[in-house]
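This report concerns only the one structure given below.
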Amino acid sequence: MATGPTVRRRRLGTELRRLRDSAGYKLEEVAGMLGVAPSTLSRIETGKAPTKSAYLSQLLELYQVTDAGQRQILVDMAREGHRKGWWAAYDDVLPSGLGVYVGLEAEASGLRSYEIGVVHGLLQTTDYARAVLRASAPRHTADQIERLVDLRMERQRRLDDNPPLDLWVIHDEAVIRRTVGGPVVMRHQLAHLLVAAGLPGVTLQVLPFDTGAHAGHDGPFSIVEFHDRSDSEVVYVESTAGPIYLEKDREVRACAEVFDRLRAAALPPEASLDLISKAARELA
């Protein structure tokens, strides 16, 4: 699988951060030398923003990177990081910061997700997605809602890749019980989940109400994994204030432990599908 711009930016940022640490500089010091805000340099080092050629040249001089081969690799990374992913066509409707997640998802090898409110975006039908977006973005026009629905459907193409995305989703029972868009829309959504569960790479579980207290009370999250194990995993947390990205090893490990505990507490995949079928039959 070709490496896209989001992962390229992350790799470059990781290397620039390593070079800064080796040179003994603090982030604030280097930001001052570049004439940028520390937050700007932080976004470059975390791969959330592309690196301007002028900044990169200054950084390589500051960090005394003299090897021509190493410099060229970093320059190539920066150039690739400026490329636009397919999701850039939706920049006019993408919520602030969400483009980073879509880029990570587009280049991921696997996703482990826990959802408590709605069906995972990669598993939503168009009508269900439309109902969710209308409720969550009431100020959007009908055209903007449709573009966001299109974006969501485009993201789902990852499930058709060869090899497919390895998607493991745990839905709280509330997700399959909450009637979104009316009974007809919800029945179709639940039927879609049953079909999706048969796709290569897709595993679905439901965390039933009778589980009681469990490890996931802090809320939903997704762990993004990549083909190249040198690209560290990222935890994505969606919040009202905007997306949160956790990348420190201890943060990722903590979320992975929570997911493993949720996986153990949830119904096995076959029993989960039985519960989804039952919920569909009970819809009026």
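Bear in mind these aren't lab numbers, they're just calculated from the coordinates by the rules spelled out. These numbers come from a predicted model, not from an experiment. Don't worry about glycine lacking a Cβ; one is built from the backbone with ideal geometry, like all the others, and counts go over all protein chains shown.
Overview of results
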{"quantity": "Vicinal HN-Hα couplings computed from phi for region 196-212 (Karplus, 6.51 cos²θ - 1.76 cosθ + 1.60; Hz; Gly/Pro x)", "calculated": "4, 4, x, 6, x, x, 9, 10, 10, 9, 10, 8, x, 4, 6, 5, x"}
{"quantity": "Under the Karplus curve 6.51 cos²θ - 1.76 cosθ + 1.60, θ = phi - 60°, whole-Hz ³J(HN,Hα) for region 65-75, x wherever Gly or Pro sits", "calculated": "8, 9, 5, 4, x, 5, 4, 5, 4, 5, 5"}
{"quantity": "Beta bridge orientation in the chain: antiparallel %, DSSP, nearest 5", "calculated": "50"}
{"quantity": "Total charge dipole magnitude, region 1-87, about the Cα centre, Cβ charges on Lys, Arg, Asp, Glu only, Debye to nearest 20", "calculated": "420"}
{"quantity": "Under 24 Å from the Cα of K278 - lysines, other chains or at least 8 residues apart", "calculated": "none"}
{"quantity": "For region 5-83, radius of gyration divided by Kirkwood radius, i.e. Rg to Rh on alpha-carbons", "calculated": "0.92"}
{"quantity": "Relative intensity, log₁₀ I(q)/I(0), of the chain from a Debye sum that treats every alpha carbon as a point, q = 0.16 Å⁻¹", "calculated": "-1.27"}
{"quantity": "For region 163-284: Kirkwood Rh in Å [reciprocal of mean 1/r, alpha carbons]", "calculated": "15.9"}
{"quantity": "Karplus 3J(HN,Hα) series, Hz, for region 243-259 with 6.51 cos²θ - 1.76 cosθ + 1.60 (x for Gly, Pro)", "calculated": "x, 10, 10, 10, 10, 5, 3, 5, 5, 5, 4, 4, 5, 5, 5, 4, 4"}
{"quantity": "Mean separation of Cα contacts under 8 Å (6+ apart) over length of the chain, as relative contact order %", "calculated": "18"}
{"quantity": "Region 31-59 and region 156-225: distance between their alpha carbon centers, rounded to Å", "calculated": "38"}
{"quantity": "Modelled FRET efficiency - R0 30 Å, S136 with R79, Cβ distances, 0.05 increments", "calculated": "0.25"}
{"quantity": "Shape of region 204-245, Cα gyration tensor, a/c cut at 1.5", "calculated": "oblate"}
{"quantity": "T203 long-range amide H proximity, modeled H, under 5 Å", "calculated": "L167, W168, V169"}
{"quantity": "Exposure proxy order (Cβ contacts within 10 Å, fewest to most) of V75, V202", "calculated": "V75, V202"}
{"quantity": "Exposure proxy order (Cβ contacts within 10 Å, fewest to most) of I276, I44", "calculated": "I276, I44"}
{"quantity": "Qualifying lysines (Cα of each under 30 Å from Cα of K26; at least 8 residues distant if same chain)", "calculated": "K48, K52, K248"}
